[in-house]
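Working notes for the structure below.
The values are calculated or read from the model by the stated rules, or taken from the named source; none is laboratory data. Note that the structure is predicted; figures quoted are calculated from it, not measured. Every residue, glycine among them, receives a Cβ derived from its backbone with ideal geometry; neighbour counts consider all protein chains shown. Heavy atoms of the whole protein, side chains included, go into the accessibility calculation; ligands, DNA and RNA do not. Shrake-Rupley method; radii C 1.70, N 1.55, O 1.52, S 1.80 Å.
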Amino acid sequence: MQTYSNLVNGKPVEATSHQEILNPATGDSLGLAAISSEQDVNDAVIAARNAQKDWSRVSDQERQETVARVAQVLQDNSEYLAELITREQGKPLSGPGSRFEVQACVGWTQVPAALALAPETVHEDEERKDVLHRVPLGVVAAIAPWNWPLMIAIWQIIPAIRMGNTVVLKPSEYTPIATLEMVRLINQVLPPGVLNTISGDGRIGAALTSHPDIDKIMFTGSEATGRRIIEASSRNLAPITLELGGNDPAIVVPGTDATAIAEGLFWGAFLNMGQTCACIKRLYVHENDYDSVIAALSDLARQMPIGDGMNENNLIGPLQNKMQYNKVKELVGDARSNGCDVMEFGDVPDTGYFLPVTLVGNIQDGQRLVDEEQFGPALPIVRYKNLDDAVASANSLSAALGASVWANSPEEAEPVAMRLEAGTVWINQHGAIHPMVPFGGNKASGYGVEFGLEGLKAVTQPRVISIKK
Ligand code: TXE
């Protein structure tokens, strides 16, 4: 059986234990992924620390060129990586699936490669000049989740490397293989020690985030783990970028043409089988439009081919893991037992963690499927009587990553959008992230932003050079 190793200082690390990774669509074995020990974590941090001295002295232009070469490696290996993602994570090759994920990795690498943070004169008068420089923090610990395993890892590691930091990355224990392969490939164009990996579950993640020699933590995952990481960081005082998922509301403004928005709403909710931090997780529709929105979404759901994502005709794959599969089933079961209208679509294969595309009507705030993050293909659709109520519902939860407003024109949507509490409020689209546009949560969805110039700043520290004239 093929084994997949961690890479430290540019070399594979011999592991004493491994875990078998299974394809969530078929149950087939994909191979054995290394499990790191605490000693491995320490070795990786030391390697990253040693490499960082030289890497921070490399000229900015050379670092830009190196990161551009990383983008090229991703592009050259895109089909190989996309197939690995589909086999390991489950999202289909086609549609907004694994090929789309790898192209996002390419884009989110090219953009930081082309950006720079120039020194900024923040004050100048006859007596003095003060210039703000952005210098690397040092060693960045990156903890990635399983839903977009390569794309989110790239979001964490590329800005860090671009700005002269080195990285120790831990992929999720559910999806280590594609990430370990991606890191092996891009290490071909990185100096040894700039990007290292460790792997394993939360215990290994905790050993990394509490390591005394870490200077920054990038984390995407659950709120509970985010809180543990904040506590762990008291050991190293590392600043943290925390992306803790959400429970994004979407509001359809009264009188909106349901057929015009149905496709945007559908993929806003069911992208990656709903396993996306910024997916629509609760939909608020005016009582007069409720039937037409459900009809338009049902028409789309009926047409969606579900099955193994290696078959290019399929657009909906399995859930990634049993924990998530059980969680979604439990929340839908709770809605059903409370008398909600559970509408299921699609022929679900009997192997793997497949669930039907599910719309849940006749449901209200306060029910578990509305209030808890389902992170799966089950969308609750809540009727409202007036917009003020919908806005109050949207803002009523502590999660506040994204939100969206849907209307016949952006002008109609914007006043509603301005009232929503979220890191990003989209109009007539949802989850439409872009590598130049800062992205992050408000309230319990975390703090700090990724992407664009703000994302680069987040992996640097300010250093002021103050000159007496
Ligand atoms: O998350 P965890 P899980 C949500 C989603 C899902 C729930 C649980 O609702 O159902 O979280 O998923 C590492 N110190 N999201 O259990 O545990 C872990 O090994 C350091 C939303 O997968 O937060 C993995 O690499 N690291 C989300 C990563 O944290 C620790 C994406 C995420 O796992 C650790 C994923 C510790 N103490 C789940 N404990 C999003 N924001 O998109 C665990 N880890």
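If you check K281 against the conditions, is it closer than 27 Å to D350 by Cα, open to solvent by 10 Å² or more (accessible area, probe 1.4 Å) and either within 16 Å of the ligand (Cβ to nearest atom) or modelled with pLDDT under 95 (or both)? No: the conditions fail for K281. One residue stands out in the range 427-456 among those that are open to solvent by 60 Å² or more (accessible area, probe 1.4 Å) and hydrophobic (A, V, I, L, M, F, W, C): the one that is nearest to the ligand (Cβ to nearest atom), namely V437.
For the range 6-39, the candidate set comprises residues that are more than 24 Å from the chain's Cα centre (by Cα) and open to solvent by less than 30 Å² (accessible area, probe 1.4 Å); within that set, the residue that is nearest to A160 (Cα to Cα) is V8. Take the conditions (1) within 16 Å of P145 (Cα to Cα); (2) open to solvent by less than 40 Å² (accessible area, probe 1.4 Å); (3) assigned by TED's automatic domain parsing to the domain that holds R87; A238 misses just one of them, which is (1).
Checking each residue of the range 287-304 against the condition of being closer than 19 Å to G423 by Cβ and either more than 12 Å from the ligand (Cβ to nearest atom) or open to solvent by less than 30 Å² (accessible area, probe 1.4 Å) (or both) gives no match. If we keep just the residues of the range 169-203 that are in contact with a strand residue (DSSP E or B) (Cβ under 6 Å, 6 or more places away or on another chain) and within 12 Å of the ligand (Cβ to nearest atom), which is nearest to N77 (Cα to Cα)? Only one residue tops the list, namely P176.
Is it the case that M163 is closer than 18 Å to K53 by Cα and surrounded by 24 or more Cβ atoms within 10 Å (Cβ to Cβ)? It is true that M163 is closer than 18 Å to K53 by Cα and surrounded by 24 or more Cβ atoms within 10 Å (Cβ to Cβ).
When A68, A118 are checked against the criterion of being surrounded by fewer than 21 Cβ atoms within 10 Å (Cβ to Cβ) and outside any helix (DSSP H, G or I), A118 stands alone in meeting it. Screening I143, I152, I157 for residues that are open to solvent by 10 Å² or more (accessible area, probe 1.4 Å) and under 30 Å from P462 (Cα atoms) leaves exactly one candidate, I143. State yes or no: is Q364 surrounded by fewer than 17 Cβ atoms within 10 Å (Cβ to Cβ) and either assigned by TED's automatic domain parsing to the domain that holds A392 or within 16 Å of the ligand (Cβ to nearest atom) (or both)? The answer is yes for Q364.
Residues that are in contact (Cβ under 8 Å) with a residue 60 or more places away in the chain and either part of a strand (DSSP E or B) or in contact with a His (Cβ under 9 Å, 6 or more places away or on another chain) (or both) within the range 405-425 comprise V405, W406, T424, listed in sequence order.
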